[in-house]
Amino acid sequence: MSILIEISENVQNGRMKAVKELVNTALEQNVPAVEILNKGLSEGMNLIGEKFKTGEVYVPEVLVAARAMNAGVQILKPLLTEEGTSAKGKVCLGTVQGDMHDIGKNLVKMMMEGKGLEVVDLGTDVAPETFVQTAIEQNCQVICCSALLTTTMEAMAEVVKQAEDAGVRNKVKIMVGGAPLSAEYCQKIGADCYCADAASAADSAVELCK
Ligand code: B1M
């Protein structure tokens, strides 16, 4: 069995210790860190998501899978980040109001920091005004909003509106992402940029900060 499949399976089973060991073994075998992340750890999380959807597993299983995935991500973190780079810009990032999902948001943060951006992490369940006030008070060039629920992604339109109302819409870019988002939705609400994954979010944020 490929080591990436083994990592994925152990993430799904929530076996944190095995995931850590397998990630270290994969690195010893010179498997690129980004491949371990995408084809092993994230793949495992996606598959558990499918099982969650069909009712094969419940919230506790999803949480132990997330914990196992994060343990693997922590090992990869130094390899996915560019050490010693000076700040290329400043962004604030959070999961929108009503939404507690933070695994993807944390990956976006890690990749952005890896590209040398300073990231103000607002956490989860972030009110639209908090995004806007933070951008104003901390001079962030980009507001980054993550959402995993179709019901909460609508809060992103409110972030755009509140930035307009505060008179800062021409000074701050707004990036949106998360599984239910799309380029069409981004355009519809008047945000500036949609990214499908953490790596492209980091690249785009660097561009938007220029
Ligand atoms: Co939830 N959940 N969940 N959940 N959960 C989903 C999202 C769901 C699709 C599952 C399903 O039914 N198949 C479904 C949403 C359905 C919908 O809205 N259409 C769902 C639901 C319904 C719920 C609850 C309502 C369940 C309930 O209680 N009945 C509840 C809501 C709680 C709340 O938020 N208010 C809930 C709870 C939970 C847990 C707490 C158990 C747990 C969250 C743990 C945590 O985050 N700390 C959880 C999880 C883990 C999931 C699934 C299984 C996995 C999500 C995940 O972490 N994926 C998910 C099913 C699925 O997605 N397959 C599901 C891995 C992660 C790396 O991917 O977050 O997509 P993702 O991030 C990617 C990209 O999207 C992108 O980059 C990342 C990496 O490349 N990205 C950005 C993300 N943010 C970005 C921002 C950007 C750019 C890119 O720019 C700013």
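The values are calculated or read from the model by the stated rules, or taken from the named source; none is laboratory data. For clarity, every value in this text was computed on a predicted model and none was experimentally measured. Glycine also receives a Cβ, built like all others from the backbone with ideal geometry; neighbour counts cover every protein chain displayed. Keep in mind that these areas ignore ligands, DNA and RNA; they rest on the heavy atoms of the full protein, side chains included. Shrake-Rupley method; radii C 1.70, N 1.55, O 1.52, S 1.80 Å.
Each row is one residue, and each column tells you yes or no for (1) open to solvent by less than 60 Å² (accessible area, probe 1.4 Å); (2) more than 29 Å from Leu76 (Cα to Cα); (3) among the polar types (S, T, N, Q).
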{"site": "Lys109", "(1), (2), (3)": "yes, no, no"}
{"site": "Ala127", "(1), (2), (3)": "yes, yes, no"}
{"site": "Val132", "(1), (2), (3)": "yes, yes, no"}
{"site": "Ile136", "(1), (2), (3)": "no, yes, no"}
{"site": "Ala147", "(1), (2), (3)": "yes, no, no"}
Condition broken by Ala201, with the remaining ones in (1) under 15 Å from Cys92 (Cβ atoms); (2) within 8 Å of the ligand (Cβ to nearest atom); (3) outside any helix (DSSP H, G or I) satisfied:
(3)
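Check region 55-65 and report whether any residue there is within 20 Å of Glu113 (Cβ to Cβ) and open to solvent by less than 70 Å² (accessible area, probe 1.4 Å).
Looking only at region 55-65, we keep the residues that are within 20 Å of Glu113 (Cβ to Cβ), and these are none.
Checking region 55-65: not a single residue is within 20 Å of Glu113 (Cβ to Cβ) and open to solvent by less than 70 Å² (accessible area, probe 1.4 Å).
What is the residue count in region 179-192 for residues that are within 12 Å of the ligand (Cβ to nearest atom) and either modelled with pLDDT under 95 or open to solvent by 20 Å² or more (accessible area, probe 1.4 Å) (or both)? Steps first, answer last, please.
Restricting attention to region 179-192, the residues satisfying the condition of being within 12 Å of the ligand (Cβ to nearest atom) are 179-183, 186, 191-192.
Imposing the further condition that a residue be either modelled with pLDDT under 95 or open to solvent by 20 Å² or more (accessible area, probe 1.4 Å) (or both) reduces the set to 179-180, 182-183, 192.
Adding up the residues that qualify gives 5.
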Any residue in region 75-96 that is closer than 17 Å to Leu41 by Cα and at pLDDT 90 or above?
yes
Taking only region 45-56 into account, find how many residues are near the ligand (Cβ under 9 Å from one of its atoms) and either of a type in the set (Gly, Ala, Ser) or over 17 Å from the mean Cα position of the chain (by Cα) (or both).
8
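Suppose we filter region 110-153 for residues that are in a loop (DSSP other than H, G, I, E, B) and either more than 11 Å from the ligand (Cβ to nearest atom) or of a type outside the set (A, V, I, L, M, F, W, C) (or both); how many remain? Full working, then the answer.
Step one: of region 110-153, the residues in a loop (DSSP other than H, G, I, E, B) are 115-117, 127, 138-141, 147-153.
Remaining after also requiring either more than 11 Å from the ligand (Cβ to nearest atom) or of a type outside the set (A, V, I, L, M, F, W, C) (or both): 115-117, 127, 138-141, 150-152.
So the answer is 11.
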Looking at this structure, is Lys88 open to solvent by 40 Å² or more (accessible area, probe 1.4 Å), under 30 Å from Val132 (Cβ atoms) and more than 16 Å from the ligand (Cβ to nearest atom)?
yes
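Okay, residues lined up against (1) closer than 19 Å to Gly98 by Cα; (2) of a type in the set (A, V, I, L, M, F, W, C):
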site	(1), (2)
Ala147	yes, yes
Val160	yes, yes
Ala163	no, yes
Ala166	no, yes
Val172	no, yes
Gly177	yes, no
Ile189	yes, yes
Asp192	no, no
Ala201	no, yes
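Could you pull out the residue among Gly98, Gly94, Gly104, Gly123 that is surrounded by fewer than 19 Cβ atoms within 10 Å (Cβ to Cβ), within 22 Å of Leu63 (Cα to Cα) and within 14 Å of the chain's Cα centre (by Cα)? Before the answer, list the steps.
Numbers: Gly98 fails: within 14 Å of the chain's Cα centre (by Cα); Gly94 fails: surrounded by fewer than 19 Cβ atoms within 10 Å (Cβ to Cβ); Gly104 fails: surrounded by fewer than 19 Cβ atoms within 10 Å (Cβ to Cβ).
So the residue among Gly98, Gly94, Gly104, Gly123 that is surrounded by fewer than 19 Cβ atoms within 10 Å (Cβ to Cβ), within 22 Å of Leu63 (Cα to Cα) and within 14 Å of the chain's Cα centre (by Cα) is Gly123.
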Answer from Glu50, Glu56 - the residue that is at pLDDT below 90 and acidic (Asp, Glu):
Glu50
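Just name the residue that is farthest from Gln138 (Cα to Cα) out of those in region 153-163 that are open to solvent by 30 Å² or more (accessible area, probe 1.4 Å) and touching a residue at least 24 places away in the same chain (Cβ under 8 Å). If you could, list the steps in order and put the result at the bottom.
Residues of region 153-163 that are open to solvent by 30 Å² or more (accessible area, probe 1.4 Å), as a first pass: 154, 157-158, 161-162.
Adding the requirement that they be touching a residue at least 24 places away in the same chain (Cβ under 8 Å) leaves 157-158, 161-162.
Details: Ala157: 22, Glu158: 20, Lys161: 19, Gln162: 17 Å.
Step by step, filter region 153-163, then rank; the result is Ala157.
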